[in-house]
Amino acid sequence: MENCKYLLYIDILGFSKLAETDYQRIIKLFSVIDTLNVHKHYAFQTIVFSDTILIFNKVAPETAHDHKYLVMYACEFVQDLIFRCRDLNIQFRAILTYDEFYYQKLKHIEAYHGKALINAYNKEKTITGMWLYMDR
């Protein structure tokens, strides 16, 4: 399952209202996201667009240890974001899923798609709580 990845899908809650009322806090939020520990880890890639953060492993896991390792770090990345967003009074909802996910850096764009992204997007919309949820 070469294209199966752990995808951490994070949705910043109340982003639209924040954009209308406190744009400086959004600037601070993106600054915080830019300093997250995930960017220091060789095994993960991060994509940010608007109020969505996608974090996924670059190489498919092969062993049970690989799976545990990737899940553990995904949980730690969420914890890092919780601590850093605390002072900004910004909440989010995250879902960790495992399925097909494709990422490719093309000449002019970054392309990403797959079942993991679709499932995480749909599942996140049905959850009413905050912080981290794990699929399957």
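The values are calculated or read from the model by the stated rules, or taken from the named source; none is laboratory data. Keep in mind that what you see is a predicted model, and the values were worked out from it rather than measured. Ideal geometry is used to build each Cβ from the backbone, glycine not excepted, and the neighbour counts take in all protein chains shown. Protein only, heavy atoms only, side chains kept; ligands, DNA and RNA dropped before computing areas. Shrake-Rupley method; radii C 1.70, N 1.55, O 1.52, S 1.80 Å.
Each row is one residue, and each column tells you yes or no for (1) among the hydroxyl-bearing types (S, T, Y); (2) loosely packed, with under 14 Cβ neighbours inside 10 Å; (3) in contact (Cβ under 8 Å) with a residue 12 or more places away in the chain.
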position	(1), (2), (3)
N3	no, yes, yes
H41	no, no, yes
K68	no, yes, no
R86	no, yes, no
I90	no, no, yes
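Applying the criterion of being in a loop (DSSP other than H, G, I, E, B) and open to solvent by 30 Å² or more (accessible area, probe 1.4 Å) to the residues of the range 5-39, the residue that is farthest from C85 (Cα to Cα) is D22. If you check F49, F77 for being among the aromatic types (F, W, Y), in contact (Cβ under 8 Å) with a residue 60 or more places away in the chain and out of contact with any Cys (no Cβ under 7 Å at 6 or more places or on another chain), only one passes: F77. Any chance you could count how many residues in the range 43-66 are part of a strand (DSSP E or B) and open to solvent by 20 Å² or more (accessible area, probe 1.4 Å)? Matching residues across the range 43-66 total 4.
For the range 32-45, the condition of being small (G, A, S) and either within 27 Å of I109 (Cβ to Cβ) or touching a helix residue (DSSP H, G or I) at 6+ places or on another chain (Cβ under 7 Å) (or both) holds for at least one residue. Free of Cβ contacts under 8 Å to residues at least 12 places away in the same chain, among the hydroxyl-bearing types (S, T, Y) and out of contact with any Asp or Glu (no Cβ under 7 Å at 6 or more places or on another chain) - does that describe any residue in the range 56-63? Yes: the range 56-63 contains one or more residues that are free of Cβ contacts under 8 Å to residues at least 12 places away in the same chain, among the hydroxyl-bearing types (S, T, Y) and out of contact with any Asp or Glu (no Cβ under 7 Å at 6 or more places or on another chain).
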